[in-house]
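Below: the structure, in structure tokens.
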Amino acid sequence: MSDEQTRLGELRVEIDSLDQQIMELISARAKCAQEVAHVKMDANPGEDVFFYRPEREAQVLRRIKEANPGPLPDEEMARLFREIMSACLALEKPMHIAFLGPIGTFTQAAALKHFGHSVVSVPLPAIDAVFREVESGAAHYGVVPVENSTEGMINHTLDMFMTSPLKICGEVQLRIHHHLMVSPEFRDQEITRIYSHQQSFAQCRQWLDTHRYGIERVTVSSNAEAARRAAKEPGTAAIAGDMAAELYGLEKLANSIEDRPDNTTRFLIIGREDVPASGHDKSSILVSMRNKPGALYQLLEPFHSHGISLTRIETRPSPSGTWAYVFYIDFEGHMSDEQARKVLAEVDEEAVELKRLGSYPIGVL
Ligand SMILES: O=C(O)C(=O)C[C@]1(C(=O)O)C=C[C@@H](O)C=C1
């Protein structure tokens, strides 16, 4: 046996032994999670118990990133623990997660990134359908896109909060990579049409104008739908992500064609209950102000005087009247913090309406 083979043999024996230990430790952890489920059920007999604890999950993942000794990158280590927790939670109660479908969309990728793969993910055809599915209790949580770094806010999602009783329970960001893809079956055919979602076309505009100028661009309801069509129509291509390519067996002709390399979409997790503080949180509110001079100043002044940072402010037309506006505001901290409570009390005095959309852990993954 060569030196190389001897050394490889030794290392593999060591890996087998480590795998055995990892497996035993994961099993011990899973038993603990099962025990946690019993404690929760015993403390709330006959009630609807919330097994999923977003604030606890954020704390676990943050601690893992901080304590990670390497050589695996922090993100990779957190991803592994994300899956372990997801499997542990599935033992307590399998969760149903509604998302803006169809399967293979970036929203599904975001849902799996946030909850791990041990959930049942339920594709729905529209953002309002996702809200309804969670409101009715048919799904435990929902995942909807809210903002893209290139294209801005997704107004439909913001507007849903004006009437929906749902809470924001979390956020997750996804780097969006778009690829130009074709069916391997039609690889040799000239491409005369490209399918994609309107947002994806917008995010790849410069690349398309430079590299595929003059080819017909047909907008469809999602990237996954674009991939589905390209899979069966000769002479067509799709712009979509990795999940859609895999799902429909497409081959990538050009990788990462988005115009901005930092192209990122932020998604919200929507649910029916409030989330306690995790120690590193963000809050969202909707405020409707009287239509008078200085209204915006009056709204923002309490945040400034109590030292609370705003991370976003968006204006949306109010559904109730011409030229009246609703402000969608994200700020740092949890609504139960003393300073935030004071700010919200002051805003409440001046506002026509203040709606608390929720406090939730700042995205960890
Ligand atoms: O700590 C809890 O409450 C648990 O249920 C355990 C656990 C975990 O595996 O760490 C599982 C699911 C929750 O979402 C949070 C954490």
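Computed quantities for the displayed model
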| item | result |
| --- | --- |
| Any hit, region 67-81, residues being of a type in the set (K, R) and within 30 Å of T157 (Cα to Cα) | yes |
| Region 91-123 - residue that is open to solvent by 30 Å² or more (accessible area, probe 1.4 Å) and away from the ligand (no atom under 16 Å from the Cβ) and, of those, nearest to F161 (Cα to Cα) | L100 |
| Where a residue in region 216-243 is under 16 Å from Q189 (Cβ atoms) and touching a residue at least 24 places away in the same chain (Cβ under 8 Å) and its partner, wherever it lies, is hydroxyl-bearing (S, T, Y) and crowded, with 24+ Cβ neighbours inside 10 Å, with Cβ under 8 Å and at least six apart | R229/Y195; A230/Y195; T236/Y195; A237/Y195; A238/Y195; A238/S196 |
| Any hit, region 177-193, residues being under 30 Å from A58 (Cα atoms), open to solvent by less than 50 Å² (accessible area, probe 1.4 Å) and in contact with a strand residue (DSSP E or B) (Cβ under 6 Å, 6 or more places away or on another chain) | yes |
| Selection count where residues are modelled with pLDDT of 95 or more and crowded, with 17+ Cβ neighbours inside 10 Å, scope region 201-214 | 5 |
| Residue in region 266-273 that is within 20 Å of E332 (Cβ to Cβ), small (G, A, S) and assigned to a strand (DSSP E or B) present | no |
| Single residue of R217, R229 found to be more than 21 Å from I127 (Cα to Cα), open to solvent by 30 Å² or more (accessible area, probe 1.4 Å) and part of a strand (DSSP E or B) | R217 |
| Within region 61-76, considering residues that are over 24 Å from A277 (Cα atoms) and either open to solvent by less than 40 Å² (accessible area, probe 1.4 Å) or assigned to a loop (DSSP other than H, G, I, E, B) (or both), the one farthest from the ligand (Cβ to nearest atom) | P71 |
| Odd one out for A58 among (1) closer than 19 Å to A139 by Cβ; (2) in contact (Cβ under 8 Å) with a residue 40 or more places away in the chain; (3) open to solvent by less than 30 Å² (accessible area, probe 1.4 Å) | (1) |
| Looking only at region 17-44, and only at residues there that are open to solvent by less than 100 Å² (accessible area, probe 1.4 Å) and more than 23 Å from K93 (Cβ to Cβ), the one that is nearest to the ligand (Cβ to nearest atom) | I22 |
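The values are calculated or read from the model by the stated rules, or taken from the named source; none is laboratory data. If you're wondering where the values come from, they're calculated on a predicted model, not measured in any experiment. Positions of Cβ are backbone-derived with ideal geometry, glycine not excepted, and every protein chain shown enters the neighbour counts. Side chains are part of the model used for accessible areas, which takes the heavy atoms of the whole protein and leaves out ligands, DNA and RNA. Shrake-Rupley method; radii C 1.70, N 1.55, O 1.52, S 1.80 Å.
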